[in-house]
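Encoded as structure tokens, the structure appears first; notes follow it.
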Amino acid sequence: MSGLDWAGLLRAGLGQLRLTPEQFWRLSPAELRIMLGAEAAPAPLTRARLDELAAAYPDQGKGWDHGRD
């Protein structure tokens, strides 16, 4: 098993992109990703970026109930 959702990819290629089956099967996976806009998605949050955000916006107080009496 390849782990790819071939049915979903076919639906996207043939339905959303309006490719013919021949056009779909001639595409490389990278070309299909670009055509579907996967490259336009934001990059996943990395540990380094999380550390930057934690330093820029430190937690105030303890726990989730800050400011409660």
The stretch 35-69, residues that are at pLDDT 75 or above and in a helix (DSSP H, G or I)
M35, A38, R47, A48, R49, L50, D51, E52, L53, A54, A55, A56
Considering only residues that are of a type in the set (A, V, I, L, M, F, W, C) and not in a helix (DSSP H, G or I), which ones fall in the stretch 1-10?
M1, L4
Of all residues in the stretch 11-34, which are assigned to a loop (DSSP other than H, G, I, E, B) and surrounded by 10 or more Cβ atoms within 10 Å (Cβ to Cβ)?
L17, L19, T20, L27
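The values are calculated or read from the model by the stated rules, or taken from the named source; none is laboratory data. No experiment lies behind these values; they were computed from the predicted model shown. So basically every Cβ, Gly included, is an ideal-geometry build from the backbone, and we count neighbours across all protein chains shown.
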